[in-house]
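The values are calculated or read from the model by the stated rules, or taken from the named source; none is laboratory data. No experiment lies behind these values; they were computed from the predicted model shown. Note that we place each Cβ from the backbone using ideal geometry, even for glycine, and neighbour counts take in every protein chain shown. Side chains included, ligands, DNA and RNA excluded: accessible areas come from the protein's heavy atoms. Shrake-Rupley method; radii C 1.70, N 1.55, O 1.52, S 1.80 Å.
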Amino acid sequence: MTGIGTKMLLRDMTGSVVIHSYQTHLRVTSKIVAVLESLDLEPEGFDAFLDGAASDAEFGTLIRQGLDRTRVMAFEDDPYGKKGHGYGRKLTAWHNRAMKATGKSRMTELHKVTQACSCVRTRHFFLFVNTRKAFNWSDGFSPVPDTKPDYREFLLDLDADDRTLGESARAALDATVR
C-alpha cells in the first residue's frame, strides 16, 4: 500500500469487505482474515445486495454493517480448513445469486458488467482501493499493485458519515481497471 504498511493494516484492521457493482445492484460481502483473506461465505458472514439507485448514505450503512461482520481469526481456525469445507460450492452459489439478481445466465456475461473494489477499516481510518478485472481469481478481480499508475486509494477518517463512505465506494468502483 502506498505509505501504508501491509503489516500495520493487518495489525490495526477492524473490518474488511469486498464491494461489487453489477449495474443495477450493489453488493457488500464481508471477508474472513486468517493470514490470507477470502470472501466470508459462511452463515456468520455478511453478504447483502442493494439496489444500484440507493443513496450513498444507504450504501455507506451497508458497508459499515459488512465491516462490522468481518471475522479475523488464526489460520488454524479458518472455517474453510484444508478441504475447503465446500468453499467452491459456496462460491458457485454466491455467483449464481449474483446472476439471478442481475438476470445474467453466464458468469462471463456477469463479469463483463461488474466492477469491484475493497474497503478496509483500521483503528485509524477507512481505506478503499480499486481492483483490476482478471479471470484467474475466484471473484474475477485482483488487486492493483500500489506501484502501478492505475492504483487508486481513498482514505477517510473514522468519523466519516455513511454518505461519504458510499461516495468513496462508488469512486473506487469507478476506478476498476479493465
Pairwise FRET efficiency - Met99 versus Ala48, Cβ, R0 = 22 Å, nearest 0.05: 0.85
Given a 1.4 Å probe, the accessible area of segment 105-178 per residue, as a whole number of Å², is 51
Need one number: nm distance between label points at Phe125 and Val177, each 7 Å from Cα along Cα→Cβ, rounded to one decimal. 2.0
Which of rounded, prolate, oblate describes segment 122-178, given a ≥ b ≥ c as roots of the alpha-carbon gyration tensor eigenvalues and a/c under 1.5 marking rounded, otherwise prolate only if a/b is larger than b/c? prolate
